[in-house]
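Data first, discussion second: the structure below is written as structure tokens.
The values are calculated or read from the model by the stated rules, or taken from the named source; none is laboratory data. Nothing here was measured: the structure is a model prediction, and the numbers come from that model. With ideal geometry, Cβ positions are generated from the backbone for all residues, glycine too; neighbour counts draw on all protein chains shown.
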Amino acid sequence: MKISLIARKEPTVKVALPVYSARVPAGFPSPADDYIEDWLDLNEHLIKHPSATFFARASGSSMVNAGILDKALLIVDRSLTPQHEDVVIATVNSELTCKILDKKARLLRAANLSYPPIQIHENIECVVVGVVVHVVNTLCTHS
């Protein structure tokens, strides 16, 4: 999976969106509830460390079983210490990739068995850039 970094722009306006009090069942339909419970700023929920956070765009299918689809927006936190089994953005021989960090086996694993793991050893330059903390996938392609 290739990664494209997204240029950072300072936000000019905070956008708060309504949060409805009714839960949305993923099973059988229920009557709609028009009561707005609160206003939600996604920055407060998705970005815990603003100065250490960046966005990247995923490309490819190596992480589909981790819920990361082609063209997904990745929210990456550089301030977190990568743990075993974290999804990370890493540079491998100067190329960015998104993989699962396997500290015990010393490798980067794809979340798709069609892709081989990347062994981390002294002949490979590997630097973990940050931990993927959230993924935003587009479910429909029409606007």
- [ ] Would you mind stating whether Gly67 is in contact (Cβ under 8 Å) with a residue 60 or more places away in the chain and at positive phi?
- [x] yes
TODO: Evaluate the range 31-48: report whether one residue or more is at pLDDT below 95 and within 11 Å of the chain's Cα centre (by Cα).
DONE: yes
- [ ] Go through the range 96-136 residue by residue and tally those that are polar (S, T, N, Q) and in contact with a strand residue (DSSP E or B) (Cβ under 8 Å, 6 or more places away or on another chain).
- [x] 2
- [ ] Could you list all residues from the range 128-143 that are of a type outside the set (Ser, Thr, Tyr) and surrounded by 10 or more Cβ atoms within 10 Å (Cβ to Cβ)?
- [x] Val128, Val129, Gly130, Val131, Val132, Val133, His134, Val135, Val136, Asn137
Task: Unique residue being in contact with a strand residue (DSSP E or B) (Cβ under 9 Å, 6 or more places away or on another chain) and surrounded by 12 or more Cβ atoms within 10 Å (Cβ to Cβ) when the list is Val64, Val92 - done: Val92
